[in-house]
Amino acid sequence: MDPSVLIAATLGAIAAPAEQAPPPPPDAPITLVTEAVATGVKVQVVGRAATGVAARYSLEVSSAGSRTVQRGSVRLRPGETTILLTSTLGGDRRRAWTAQLRVEPEGAPAYQVSRSS
């Protein structure tokens, strides 16, 4: 095999983006809600399902050079709204931030939700 072909294939594999989960379905049982507040930005992971569902979730928040990841699992009850996680990014609301939620519902495809400034 031509070494240049092998090198190109290797570089293509390295440069390929990581596989990402698709966006949430319209009836997503867990979602991400953000709100500007006086002290910064409030980020919440909110669960609400029409039927009972179990899921694992992780929230990654980055701002001003810091990064936090919080994970959990939940069994949602039908029709109930539950705040699973609340995080407040303090300081100037104009500061760049990113929040990425990844959800793995039991028996359904994984999905992700992203918000940023």
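The values are calculated or read from the model by the stated rules, or taken from the named source; none is laboratory data. Computed from a predicted model, the values in this text were never measured in an experiment. Here Cβ is always computed from backbone atoms with ideal geometry, including for glycine, and neighbour counts include all displayed protein chains.
The set of residues from the stretch 48-71 being under 14 Å from ARG95 (Cβ atoms) and surrounded by 19 or more Cβ atoms within 10 Å (Cβ to Cβ) comprises VAL61, SER63. Within the stretch 28-42, the residues that satisfy the criterion of being more than 14 Å from ARG102 (Cβ to Cβ) and not basic (Lys, Arg) are VAL33, THR34, GLU35, ALA36, VAL37, ALA38, THR39, GLY40, VAL41.
Restricted to the stretch 1-30, and to residues there that are modelled with pLDDT under 95 and among the β-branched types (Val, Ile, Thr), the residue that is nearest to the chain's Cα centre (by Cα) is ILE14. The number of residues in the stretch 35-47 being surrounded by fewer than 18 Cβ atoms within 10 Å (Cβ to Cβ), at pLDDT below 95 and not small (Gly, Ala, Ser) comes to 4. Somewhere in the stretch 61-70, is a residue among the small types (Gly, Ala, Ser), over 17 Å from VAL33 (Cα atoms), modelled with pLDDT of 95 or more and within 18 Å of the chain's Cα centre (by Cα)? No: zero hits.
Within the stretch 33-48, the set of residues being in contact with a Ser or Thr (Cβ under 8 Å, 6 or more places away or on another chain) and not in a strand (DSSP E or B) comprises just one member, THR39.
In summary, strands (runs of 3 or more DSSP E) completely within the stretch 49-117 and bearing 3 or more residues that are touching a residue at least 40 places away in the same chain (Cβ under 8 Å) and touching a strand residue (DSSP E or B) at 6+ places or on another chain (Cβ under 9 Å) occur at 53-63, 81-90, 97-105, 111-116.
Number of residues in the stretch 23-65 that are over 18 Å from SER114 (Cβ atoms) and among the hydroxyl-bearing types (Ser, Thr, Tyr): the value is 2.
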